[in-house]
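Following: one structure in structure tokens, then a few remarks.
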There are 2 protein chains.
Amino acid sequence: MKKIDIFKKLRSSGLRPTKQRVEIAKFLFERDKTFHFTVESLNKLLEKKTTFKFALATIYNTVHAFKNAGHLNEVDVRGKKTYFDTNIINHHHFYDNETSELIDIDAKEIVIQKIPKAPNGKKIKNVEVFINLKN
Amino acid sequence: MKKIDIFKKLRSSGLRPTKQRVEIAKFLFERDKTFHFTVESLNKLLEKKTTFKFALATIYNTVHAFKNAGHLNEVDVRGKKTYFDTNIINHHHFYDNETSELIDIDAKEIVIQKIPKAPNGKKIKNVEVFINLKN
DNA sequence: TCCTAGTTTATAATTATTCTAAAGTAAATA
DNA sequence: TATTTACTTTAGAATAATTATAAACTAGGA
């Protein structure tokens, strides 16, 4: 993804392409594989990667802005920290409890044959499968 | 579940049946349906239900002791608070984001036809399905 | 009954996250 | 281009959930 596309991506979501947002967006979206992170891990990686300095609050703000714009997914993981995923296409996860690591599973790798009806007055928004791993 | 069984349950898990543990165990396990809670909600319910006074730390300690003994399940839910479930049999959940409510789904209600292999050197511990609900 | 290891308790500490309000900046307007 | 304005960033304070601490308490064995 080129810089020009980053600008487009931000503008089309109503986000001003500030220096901080562009830097973070480049870091998150200019990659081939999907990327899983917490705000803390992203912060550390940004510190290493760029000379630019970001307030922690800015990283929170930016990540949430990207999430609200649909550029990031928040992932259900038990625990204190919130995980995000640059893969916004519907998919599932392995979760390795030993390393606290998430691994994407393509939606087509899991086929569910039978599923219950949503309770009264509710609809199914989405189905997430978590495969917990052990050694 | 009778009081005698509560004592047995605690003793057989190596937990001394203290007043606090017995009270909390009675509250959690003497029910027909499974029960979902957070430490905060449990604390509030105990305040109403019993005249007994519990330190918040005791509720944390006790819930974790019960979890470690296998009498409670911790449930993967996104968000700040940790959810627990008195249903320790393998099963799945509806999660209602509007009300932050969990609803059990019997394991047999969901049939998975195809599932990927665990990554290198890892094994599958368990599979959890989350059905997120909307109105 | 006495002793001891395990438990409870109040409080402090920690951790992740959100809030605040002042200073900075993108971009619309004149 | 200069000015204005609304949006952003920032450092630090505030909040919320949870865990740690260390002193007081208690169950159960000697």
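Before moving on, here are some points about what is shown:
- Residues located in segment A:109-120, provided they are facing chain B (nearest Cβ under 7 Å) and either touching a residue at least 12 places away in the same chain (Cβ under 8 Å) or open to solvent by 70 Å² or more (accessible area, probe 1.4 Å) (or both): A:109, A:110, A:112, A:113, A:114, A:115
- Taken over segment B:38-80, the criterion of being within 8 Å of DNA strand D (Cβ to nearest atom) and at pLDDT below 90 is satisfied by B:80 alone.
- The residue list A:27, A:66 contains one member that is away from DNA strand C (no atom under 15 Å from the Cβ) and either in contact (Cβ under 8 Å) with a residue 12 or more places away in the chain or of a type in the set (S, T, N, Q) (or both), which is A:27.
- The residue that is modelled with the lowest pLDDT, counting only those in segment A:82-103 that are facing chain B (nearest Cβ under 7 Å) and open to solvent by less than 30 Å² (accessible area, probe 1.4 Å), is A:96.
- Residue B:58 vs. criteria within 10 Å of DNA strand C (Cβ to nearest atom) and not charged (D, E, K, R): yes
- Within the option set B:106, B:76, being of a type in the set (D, E, K, R) and either open to solvent by 40 Å² or more (accessible area, probe 1.4 Å) or more than 12 Å from chain A (Cβ to nearest Cβ) (or both) holds for one residue only, B:106.
- Within segment B:77-102, the set of residues being in contact with a Phe, Trp or Tyr (Cβ under 9 Å, 6 or more places away or on another chain) and in contact (Cβ under 8 Å) with a residue 24 or more places away in the chain comprises B:77, B:83, B:84, B:85, B:86, B:87, B:92, B:93, B:94, B:95, B:101, B:102.
- Among the helices (runs of 4 or more DSSP H) confined to segment B:1-71, the ones with at least 1 residues that are touching a strand residue (DSSP E or B) at 6+ places or on another chain (Cβ under 7 Å) and open to solvent by less than 80 Å² (accessible area, probe 1.4 Å) are located at B:56-68.
The values are calculated or read from the model by the stated rules, or taken from the named source; none is laboratory data. All values derive from a computational prediction rather than experimental measurement. Glycine also receives a Cβ, built like all others from the backbone with ideal geometry; neighbour counts cover every protein chain displayed. All accessible areas refer to the heavy atoms of the entire protein, side chains included, with ligands and DNA or RNA removed. Shrake-Rupley method; radii C 1.70, N 1.55, O 1.52, S 1.80 Å.
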